[in-house]
Amino acid sequence: QLQVVESAGGLVQPGGSLILSCAASGFALGSFRIGWFRQAPGQDREGVFCSNDGYTYYASSVKGRFTISTDNAKNTVYLQMNNLKPEDTAIYYCAADRPFIGPCTFEPKDYDYWGQGTQVTVSS
């Protein structure tokens, strides 16, 4: 069974940092298409990061502040979030699916495997 599980989020002060992890089981995460999404109350789910077929993209709202890294031995992807802002407050989701040729997308419908989501709150 293919599954991804996010680590717990948390409460962070503005300007602070937090690392989220996404652990996969049933498949090799490094060979799959990966996406990180977030959803704030009352808003649509938006893409934060995606990777596929050598392409990687960060949303403009997080570029320069968020960074992805992968530990293939642990079959885990990490989302390092720095200089967090109150507008980063949301439920964060890791998503994965089989790769295809070409750029990844920020379309939630393009990913079949989702984590349970984890709350990140940025507030003083």
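Take Ile19 and tell me if it is in contact (Cβ under 8 Å) with a residue 60 or more places away in the chain, open to solvent by 70 Å² or more (accessible area, probe 1.4 Å), outside any loop (DSSP other than H, G, I, E, B) and out of contact with any Cys (no Cβ under 6 Å at 6 or more places or on another chain). So that I can check it myself, show each step before the final result.
Numbers: in contact (Cβ under 8 Å) with a residue 60 or more places away in the chain: yes; open to solvent by 70 Å² or more (accessible area, probe 1.4 Å): yes; outside any loop (DSSP other than H, G, I, E, B): yes; out of contact with any Cys (no Cβ under 6 Å at 6 or more places or on another chain): yes.
Yes; evaluated as a whole, the condition is true for this residue.
Anything in region 79-106 that is out of contact with any Phe, Trp or Tyr (no Cβ under 8 Å at 6 or more places or on another chain), at pLDDT 95 or above, under 18 Å from Glu46 (Cα atoms) and of a type outside the set (Lys, Arg)? List them, or say none.
Across region 79-106, the qualifying residues are Leu84, Pro86, Glu87, Asp88, Thr89, Ala90, Ile91.
Find the residue count for region 43-72, including only residues that are modelled with pLDDT of 95 or more and either part of a loop (DSSP other than H, G, I, E, B) or on the phi > 0 side of the Ramachandran plot (or both).
Matching residues across region 43-72 total 10.
What number of residues within region 93-124 satisfy the criterion of being buried (at least 18 other Cβ atoms within 10 Å of the Cβ) and under 12 Å from Val12 (Cβ atoms)?
Number satisfying all stated conditions: 2.
Looking at (1) loosely packed, with under 15 Cβ neighbours inside 10 Å; (2) touching a strand residue (DSSP E or B) at 6+ places or on another chain (Cβ under 7 Å); (3) outside any loop (DSSP other than H, G, I, E, B), which is the only condition Glu87 fails?
(2)
Report yes if some residue within region 29-36 is of a type in the set (Gly, Ala, Ser), within 11 Å of the chain's Cα centre (by Cα) and either farther than 22 Å from Leu11 by Cα or modelled with pLDDT of 95 or more (or both); otherwise report no.
For region 29-36, residues of a type in the set (Gly, Ala, Ser), within 11 Å of the chain's Cα centre (by Cα) and either farther than 22 Å from Leu11 by Cα or modelled with pLDDT of 95 or more (or both): present.
Can Gln39 be described as over 17 Å from Leu2 (Cβ atoms), in contact with a strand residue (DSSP E or B) (Cβ under 8 Å, 6 or more places away or on another chain) and surrounded by 15 or more Cβ atoms within 10 Å (Cβ to Cβ)?
yes
Looking only at region 22-36, which residues are surrounded by fewer than 13 Cβ atoms within 10 Å (Cβ to Cβ) and assigned to a loop (DSSP other than H, G, I, E, B)? So that I can check it myself, show each step before the final result.
First, the residues of region 22-36 that are surrounded by fewer than 13 Cβ atoms within 10 Å (Cβ to Cβ): 25-26, 28, 31.
Within region 22-36, Gly26, Ala28 meet the criteria.
With respect to Tyr78, determine if the residue is open to solvent by 50 Å² or more (accessible area, probe 1.4 Å), under 12 Å from the mean Cα position of the chain (by Cα) and free of Cβ contacts under 8 Å to residues at least 12 places away in the same chain. Give the derivation first.
Numbers: open to solvent by 50 Å² or more (accessible area, probe 1.4 Å): yes; under 12 Å from the mean Cα position of the chain (by Cα): yes; free of Cβ contacts under 8 Å to residues at least 12 places away in the same chain: no.
In short, no.
Return the pair list, or none, for Cβ contacts closer than 8 Å from residues in region 95-124 that are within 12 Å of Trp36 (Cα to Cα) to residues that are part of a loop (DSSP other than H, G, I, E, B) and among the small types (Gly, Ala, Ser), at least 6 apart or on different chains.
Qualifying pairs under 8 Å: Ala95/Gly115; Phe106/Ala59; Thr118/Ser7; Thr118/Ala8; Thr118/Gly9.
The values are calculated or read from the model by the stated rules, or taken from the named source; none is laboratory data. On a predicted model such as this, the values are computed, not experimentally measured, just so you know. Heads up, the Cβs are rebuilt from the backbone with ideal geometry, glycines too, and the neighbour counts pull from every protein chain shown. Each accessible area value is taken on the protein alone, full model and side chains, heavy atoms only, with ligands, DNA and RNA left out. Shrake-Rupley method; radii C 1.70, N 1.55, O 1.52, S 1.80 Å.
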